[in-house]
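A short worksheet on the structure shown next.
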Amino acid sequence: MGRPIFARPDAAARLLGATPPAEDEVRGRQPRVVRHALQVLECVAASGGGITAQEVSAALGLSRATTYRLVQVLVEDEYLVRLPDLRGFALGSRVAALASAPPPPARPPRAAREVLARLRAGLRGGVHLVRLDGQGPVVGDEDPDFPLAADADVRGLLDGVCADLAAAAGDAARSAGDVARTADTAVARTAGTTDVARTVGAWTALAAAVVDEDGAPVAALVALAPADRLPDPDAAAERLRAAADDLGPLLA
């Protein structure tokens, strides 16, 4: 069997309003709660990521209390993810589980595979190409020597850096030189590309956006490895950035 849509039974109960009555209007009126939750997801999807709970509240005409409670539940169960620099929310990995499985992405062209091979030869860790131009992140070329580990932290890191890139890459040209940082995440924007770094537990992920001629992200180059295998993350990020620039004309 596949992974259940809800991580815990009580999560489904909370979302459907099956908890004991309380002061919050989200609890109770089950059909309305479900409708509002779906509207929140649609609103975030339409925004492309980076929308705040206050903006969702205004767009949908919901009270702030209702919106904040719905967003909290959706984040807890990975239907939404909170962007690290507090710019708002994006769709989470669980949304993909609600849709039919997408067809496997086309194999990258030979020139792109050669760029990937050179990059992988110079880094100690897995380097994965993730397509961002579909309904959600899809691994388009997994590192054959360092395949993705079946670990919750690894999947969360991959989804997280891809969400960061998808939300931030479109603003890169307007935010040249701007750097936003939190305790465990850094997003560096330059005129041509966007870089992201995250660490969760023993794992570190570095990523660079592959963008088309308009600056829209079409893919992500993600280096993912135990933190002690990336002793010089700045040098690794430079390699990723250079490879992402080379891949842009080949994949867009």
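The values are calculated or read from the model by the stated rules, or taken from the named source; none is laboratory data. Every value quoted in this text rests on a predicted model; they were computed, and no experiment measured them. Please note: Cβ atoms are built from the backbone with ideal geometry, for glycine as well, and neighbour counts cover all protein chains shown.
Is it the case that region 96-108 has a residue that's modelled with pLDDT of 90 or more, touching a Leu at 6+ places or on another chain (Cβ under 8 Å) and surrounded by 13 or more Cβ atoms within 10 Å (Cβ to Cβ)?
The answer is yes, given that some residue of region 96-108 is modelled with pLDDT of 90 or more, touching a Leu at 6+ places or on another chain (Cβ under 8 Å) and surrounded by 13 or more Cβ atoms within 10 Å (Cβ to Cβ).
Put simply, of Ala209, Ala244, Ala252, Ala220 the only residue that is surrounded by 15 or more Cβ atoms within 10 Å (Cβ to Cβ), modelled with pLDDT of 90 or more, within 21 Å of Pro109 (Cβ to Cβ) and out of contact with any helix residue (DSSP H, G or I) (no Cβ under 7 Å at 6 or more places or on another chain) is Ala244. Of the residues making up region 143-168, those that are surrounded by 16 or more Cβ atoms within 10 Å (Cβ to Cβ) and closer than 13 Å to Gly92 by Cα number 11. Exactly one residue out of Ala117, Ala163, Ala112 is hydrophobic (A, V, I, L, M, F, W, C), modelled with pLDDT of 75 or more, under 22 Å from Leu98 (Cβ atoms) and assigned to a helix (DSSP H, G or I): that is Ala163. Any chance region 64-80 includes a residue that's under 17 Å from Gly136 (Cα atoms), assigned by TED's automatic domain parsing to the domain that holds Cys43, touching a residue at least 60 places away in the same chain (Cβ under 8 Å) and not in a loop (DSSP other than H, G, I, E, B)? No, that holds for no residue. Determine, yes or no, whether Val138 is closer than 26 Å to Leu230 by Cβ, under 13 Å from the mean Cα position of the chain (by Cα), crowded, with 18+ Cβ neighbours inside 10 Å and outside the structural domain of Gln39 (by TED's automatic domain parsing). When the stated conditions are applied, Val138 passes them. Counted as qualifying within region 1-62 are the helices (runs of 4 or more DSSP H) with 1 or more residues that are within 14 Å of Val73 (Cβ to Cβ) and at pLDDT below 80, namely 9-15, 30-47. As for region 74-86, it holds no residue that is at pLDDT below 90, of a type in the set (Val, Ile, Thr) and closer than 17 Å to Ala219 by Cα.
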